[in-house]
Amino acid sequence: MTQSTRRNFLKSSAIGAAVAASTQAFPQSPAVSKKTIAEVRALDAKEIQKTTSSWDDGLAHPIPYKNPPGKGKDRAIVLGGGSEYMSSFLVGYFHAMLTNGIDLRLADIVVGTSAGAVLGSALLGSRLDLFSAEFNLLADYPKVMAKLVPTKKFLPSQERVMRMGLNAKDGNPDTIQAIGHAAMAAKSIPSEKFQNNIKVFLGGIKAIPQKMYITTIDCYTAERLVIAPDSGVSVIDACAASASAPGVTGPTWVKDRVCMDGSIGSTETHCDIVAGSKRALVIALADTIEQEKEGLRLNHLPNTILQEVKDLEAAGTKTKLVVVGMLPGRRTMSVVDPAIMEPAIQYGYDRGMQDLPEMRRFWMSA
C-alpha cells in the first residue's frame, strides 16, 4: 500500500470515523493498534494546520526556524517562562548585571517566552527600574498579587486543561492541539484582565521593542508563532498571549489567532530563533524531569533545553546556559505562588552576582 493510499484509507476508514467521534472508542477496539491511532491523530492534526496555510500574517514559523533572525547577530538572549517565580528571578538577575557594568541591553536580539517575554520587553524598553520597584512592592504584598492573578482555586474546566498539560507525554501537534482546544474551553482569567495586569508592569510601552521577539502558540492549530517588532501587534497583546498559561489565564487574541503560552509545544525556550548568532545567553527554569516533578513547570511536555543548547553550540554559537532550578532551601514549590516572589528576586540577584566574572568575559568581550 503506497503512502498516499494508506493516508486515504486511514482518513476514510471506520478507524478515522471513530477517532473523529470519540477517543474513548479505542479501548473497546483491541484490534486497533496504538500506532494506527497515532497515525490517524497525526493526520487530523495536519488537516487542522492546513487551514492556515494560505494566511499571510507572518506569525507562524516552523521549528527549527527557517532563516532565523538571530543569524549573523553578535549578542543574543533567550528567556524562558516560569510565571511569578521566573519573573522574580529575572528581576534580581538583571539588576545584578546592570548595576555592575554588564549591559544586557547590548543584545542584538532577545527571544522571550511567557515571563521571559514580559521581562525581555521591560529590559529593552528601559522599563526595568520602575518594573522592579513595582515588582518588589508586589513581592512584599503577596495578597495583592494573588488578587491580580488568582492561582489558589480553579474551576473544573481549568483543572481539566492543567491535567492535560501534566499528563502530556510528547510535543506532537495533536497533543498540543488538544491542550489548546481545552484552553479555549476553560473559564480562566479573562485575557482583558490579564492584559491590564501586564500594563501595570510595562507602563507606557506600547510597541514591541526593537530586537524583541515574542513566542506563543496557536491554540487551534498548535503552530509556533513568533511575534516580531514589525508585526503590528502591541507588546501588551504579545506578552499576554505568550504568558496565557492554559487553565490559568487567557487565551489571548493575536490578529486572527487565539493563542496560549509559548512554552506549550515541542520547545520551551525557542533557542532556534537565535541560531547563527555569535553568542547567546539562555536562561531557563529547569533542565531535568526531576526538577519538573518538584513543581518547576506547569506541564510535563518534553524539555529540550539541553539539546537546544547543544544544537546552538554545534552550529558555532557560544552559549551560556543559566538554569534557575529550585529556590534555595525548598524541596518543592509552585511557580505561581506569590509568596515566592520576594525570595526569588533575592535569589536571582545572588545568582547574578555569582555569575559576574564569567558574564564579563562572555558578554562584554569583543
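What follows draws every value from the coordinates through simple rules; no lab data is involved. Quick caveat: nothing in here was measured; it's all calculated off a predicted structure. Ideal geometry is used to build each Cβ from the backbone, glycine not excepted, and the neighbour counts take in all protein chains shown.
Quick rundown of the values:
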| quantity | calculated |
| --- | --- |
| Sites W253 and Q307, calculated FRET efficiency, Cβ-Cβ separation with R0 30 Å, nearest 0.05 | 0.40 |
| Paramagnetic label zone (point 7 Å from Cα along Cα-to-C-beta, D170; backbone N under 17 Å) in region 292-333 | 300-304 |
| Amide H within-cut-off set for T304, under 5 Å, with H built and near neighbours excluded | E268 |
| Sites I37 and T99, calculated FRET efficiency, Cβ-Cβ separation with R0 56 Å, nearest 0.05 | 0.50 |
| When the convex hull of its Cα atoms is projected in every direction, mean area for region 166-286 (nm²) | 8.2 nm² |
| Over 22 Å (Cα to Cα) - which of K66/K169; K50/K187; K50/K211; K71/K211; K211/K278; K66/K318 fall in this group | K66/K169; K50/K187; K50/K211 |
| Tensor-based shape of region 223-277 (alpha-carbon gyration tensor, a/c under 1.5 rounded, otherwise prolate or oblate) | oblate |
| DSSP-loop trypsin sites (Lys or Arg not before Pro) across region 275-366, with at most 13 other Cβ within 10 angstrom | R330, R331 |
| Amide H contacts under 5 Å for V322, placed H, 5+ residues apart | V282, I283, A284 |
| Cα gyration tensor category, rounded, prolate or oblate, for region 159-213 with a/c compared to 1.5 | oblate |
| Sequence-distant residues sharing a close amide H with V254 (under 5 Å, placed H) | C259 |
| Rounded to whole Hz, the Karplus (6.51, -1.76, 1.60) HN-Hα couplings of region 225-231, x for glycine and proline | 10, 10, 9, 8, x, 9, 6 |
| Leading residue at positive end of dipole, region 225-316 (Cβ point charges), from P251, L285, P229 | P229 |
| Region 174-303, relative contact order in percent, only Cα pairs under 8 angstrom and at least six apart counted | 24 percent |
| Reachable aspartates and glutamates, given that their alpha-carbon falls under 14 Å from the alpha-carbon of K199 and they are not under 8 places away in the same chain | E134, D237 |
| In order through region 114-125: 3J(HN,Hα) via Karplus (6.51 cos²θ - 1.76 cosθ + 1.60), integer Hz, x for Gly, Pro | 6, 4, x, 5, 5, 6, x, 5, 5, 5, 6, x |
| With 5 Å bins from 0: P(r) over region 245-363, alpha-carbon pairs, percent | 2, 10, 17, 18, 20, 18, 11, 5, 1, 0 |
| In order through region 97-112: 3J(HN,Hα) via Karplus (6.51 cos²θ - 1.76 cosθ + 1.60), integer Hz, x for Gly, Pro | 5, 5, 8, 10, x, 10, 8, 5, 6, 6, 4, 8, 7, 10, 10, x |
